[in-house]
1. Quick one, could you list the DSSP H helices from the chain stretching 18 Å or more along their long axis (Cα atoms) with average Kyte-Doolittle hydropathy of 1.6 or above?
2. Let me know the Kirkwood hydrodynamic radius for segment 26-405, please, with Cα pairs as the basis and the value in Å to one decimal.
3. Give me the distance between the Cα centres of segment 186-228 and segment 254-290, rounded to whole Å.
4. Which values of log₁₀ I(q)/I(0), to two decimal places, follow from the Debye formula for segment 254-387 at q = 0.10, 0.11, 0.14, 0.17 Å⁻¹ with a uniform point scatterer at every Cα?
5. Pairs of Cα atoms under 8 Å, at least six residues apart: use those to get the relative contact order of the chain, whole percent.
6. From the convex hull of the Cα coordinates of segment 223-267, what is the mean projected area in square nanometres?
7. Would you kindly calculate the mean projected area, averaged across all directions, of the convex hull enclosing the Cα atoms of segment 112-267, in square nanometres?
8. Grab the DSSP H runs of the chain that are 4 residues or longer, score each as -39,500 (n - 2.57), total them, divide by all residues and round the 222 nm result to the nearest 500 deg cm²/dmol.
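Readers should treat all values here as calculations from the given coordinates under stated rules, not as data from a laboratory. Please read all numbers here as calculations on a predicted model, not as lab measurements.
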Amino acid sequence: MTASVVATIAFLVLGWAVISGALARHDITGPLIFSVFGYVLANPDWGPIPIDVEAASIHLLAEATLALVLFSDASRVNLTELRKDVSLPLRLLGGGLPLTLILGGLVAAFMFGEFTWALAGFVAAALAPTDAALSVQVINDERVPMRLRRGLNVESGLNDGIVTPIVTFTLAVAASQLGIVAESESFAAGAALRELGLGIVVGIAVGFVGAALISAASRRDWIAPGGRRLATLATAVGAFAIALAIDGNGFIAAFVAGIAFGATLDKSVVEVEQATQLSELGGELLALVVWFFFGATLVPIAFDYIDARVIGYALLSLTILRMLPVALAMSRSGLGRTDVIFLAWFGPRGLASVVFALLALEELGTDHEVVGQAVAVVALTVLLSVVLHGITAGPAGRRFVQTDSVEVGNSSRPRARPSGVQRRVVHPGSTNDA
């Protein structure tokens, strides 16, 4: 990145930070602001700030951002709290997510006949993960039942890590099908599986070692103030970088490292929330930069390839392709119709989808029109999601009664919110969603 790009983003971050609370009250989110400024200031046709969509630094920064988010999300999942009501996130991840992948891939293959099956699968996988940062008002709004907020939080925190190997696999096969690499499809698939395996091994090892060292040092009072946060950040970055260095999957390594870290950390001497503060804050800051790049690089591609099919799939992805699988997954769950609609709608597409689109450009290039179409579909869906989910999050939360729904036979009745439930504060524009 040039000095002018860094200076521009720095002043945008400063401006956003000082008025973020006021903008949030008007349902204006950080991703929306930075996407607009990226499109206006760095548009390849007229923007005064030149940004190369194929620059290695942009791709690396976006991938490192997602790695930090994956690590933070995975490490902060409170298994004790989750066990109290595991059915909802389990239905969303175990039922809704696979149905979304299957339905999304079939519809993409039907609407875009020129897509290979792998490219159609990539589009479905890239748009499957949700990002609660785009509906942060809902996640923090105590008028929304805790069960629904926890379900959305856990879903968005884990589904990007779950679909990452699918994205990697489909891109590897798509490169083979499009003749971008000489290897056969089976060889490409084998390479993707090998990357997945290496990522898992690295993630387990680094996450366990990092948490064990932090815990041991804390028990002996060896660690200086702030040292836990620095050590946690180093664990996250180390897992990602080591995996890349040995040709493993860095995203999977970061995600698995977060799970291993959270499970190994001695909670009696170290608070997970405190330890992950720096990595979470770094993810938030870098995410704003990625949203700027999204507006500068991916939104113009979306407009270049826009047509009825691209618009149609984007709208379907935000509605039927998300809402139907969620409705089916929630059948006989005891939730009322309003709760199911709420869960089905608030599945915004965000940072993970942006990074996957940039990864597709890196892996497949821009020489094939079908690649441009696939990236355009992902980019337009994210753009619409930033706008629609951002402006509906606040009003939807304000309309919710501050009660939880409990099942009574085939109906539900209001129940007072249990005491002791603490609100988790997420900064405006935050990317951390679990």
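1. What comes out of the filter, once short or polar helices are dropped, is 3-25, 97-111, 250-264, 351-364.
2. 21.0
3. Taking the Cα centre of segment 254-290 as reference, the centre of segment 186-228 is 12 Å away.
4. Each listed q corresponds, in turn, to -0.49, -0.58, -0.85, -1.02.
5. RCO, the chain: 30 percent.
6. 3.3
7. Details: hull surface 48.5 nm².
The directionally averaged projection comes out at 12.1 nm².
8. -22500 deg cm²/dmol
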